[in-house]
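Trainee: Sending over a structure as structure tokens; questions will come in a sec.
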Amino acid sequence: MIEKQQNNPLHGLSLDIMMTELVDFYDWKVLYAALRLECFNLNPSMEASIKFLKKTEWARERVESFYLYRFKQMPKGTAEQFELKPRARGFADGIVPRKPQELTVELLDEQRAKATENYEAMKAKNQRPRYGSDKPRQQDAYAQNRSSEKSGAKRPAPSQDPSNPWGK
């Protein structure tokens with residue numbers, strides 16, 4: 001029985017071909033402005049960039065996400081899909097890649113400045129970001145122990161038994 005492949009433009013696409021498409025369309029300067037990877041800035045070469053991306057998983061995932069959402073302009077996924085790596089994400093049948101998004105260094109700088117301004121405004125209002133889970137954050141064990149000490153809760157005294165190495 002033949003399994004149906006998921007709809008993902010990265011399926012079967014090698015890193016060499018992906019990088020060639022990106023560099024041919026955008027150029028090294030735009031890729032550096034968009035992704036902030038030094039392999040696109042200092043003496044950029046296809047061989048060195050591919051070698052770096054093969055060794056560095058987080059950088060490869062960043063380039064793959066850029067390829068999917070900026071170059072192929074695929075629709076943004078759900079929060080569950082963003083938990084997955086870009087190559088594992090799937091899209092609904094019938095969704096096809098669109099023309100690449102036109103980007104310039106100036107446009108990327110404007111977008112980055114606007115995002116920073118929005119973040120600072122949100123931070124000034126003391127709001128939570130829109131992304132991520134809505135679950136309340138749990139304190140770590142150290143913070144929980146300190147808060148219970150402040151509230152007056154008594155902890156049992158450690159054991160004085162010399163044969164008990166854990167002191168419980």
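Trainee: What FRET efficiency comes out for residue 29 versus residue 61 if R0 is 30 angstrom and r is the Cβ-Cβ distance? Round to the nearest 0.05.
Mentor: Result of the calculation: an efficiency of 0.85.
Trainee: Quick one: if you stick a label point 7 Å off each Cα along the C-beta vector at residue 113 and residue 38, how many nm between them?
Mentor: The modelled label-to-label distance comes out at 2.7 nm.
Trainee: Using amide H atoms built in the peptide plane, which far-off residues or other-chain residues are under 5 Å from residue 7 H to H?
Mentor: 91
Trainee: Oh, and also: Can you work out ³J(HN,Hα) from phi for every residue in the range 8-24, in order, using Karplus 6.51 cos²θ - 1.76 cosθ + 1.60 and θ = phi - 60°, giving whole Hz and x for Gly and Pro?
Mentor: 8, x, 7, 5, x, 9, 7, 4, 4, 5, 4, 5, 4, 4, 5, 5, 5
Trainee: Now for a separate question. Tally up the carbon and sulfur contribution to the accessible surface of the range 1-92 as a whole percent, 1.4 Å probe, everything protein left in place.
Mentor: About 54 percent, which is the carbon plus sulfur part of the accessible surface.
Trainee: If you roll a 1.4 Å probe over the heavy atoms of the protein chains, what accessible area per residue do you get for the range 39-85, in Å²?
Mentor: Values: 2880 Å² over 47 residues.
Accessible area per residue, the range 39-85: 61 Å².
Trainee: Quick one: go through the range 4-41 and flag any residue whose amide nitrogen is under 13 Å from the point 7 Å out along the Cα-to-Cβ line of residue 48.
Mentor: What the label zone holds, given the 13 Å backbone N cut-off, is 38-41.
Trainee: What list of ³J(HN,Hα) couplings, whole Hz, do you get for the range 88-104 from phi and the Karplus terms 6.51, -1.76, 1.60, once you set θ to phi - 60° and write x for glycine and proline?
Mentor: 8, 6, x, 10, 4, 4, x, 7, 10, x, 9, 5, x, 6, 6, 10, 10
Trainee: Treating the beta-carbon of each Lys and Arg as +1 and of each Asp and Glu as -1, no other charges, what is the dipole magnitude of the range 1-91 about its Cα centre, to the nearest 20 debye?
Mentor: For the range 1-91, the charge dipole is close to 160 debye.
The values are calculated or read from the model by the stated rules, or taken from the named source; none is laboratory data. The structure displayed is predicted, hence computed values, not measured ones. Virtual Cβ from ideal backbone geometry, glycine too; neighbours counted across all protein chains shown. What goes into the accessible areas is simple: the full protein's heavy atoms, side chains included, and nothing from ligands, DNA or RNA. Shrake-Rupley method; radii C 1.70, N 1.55, O 1.52, S 1.80 Å.
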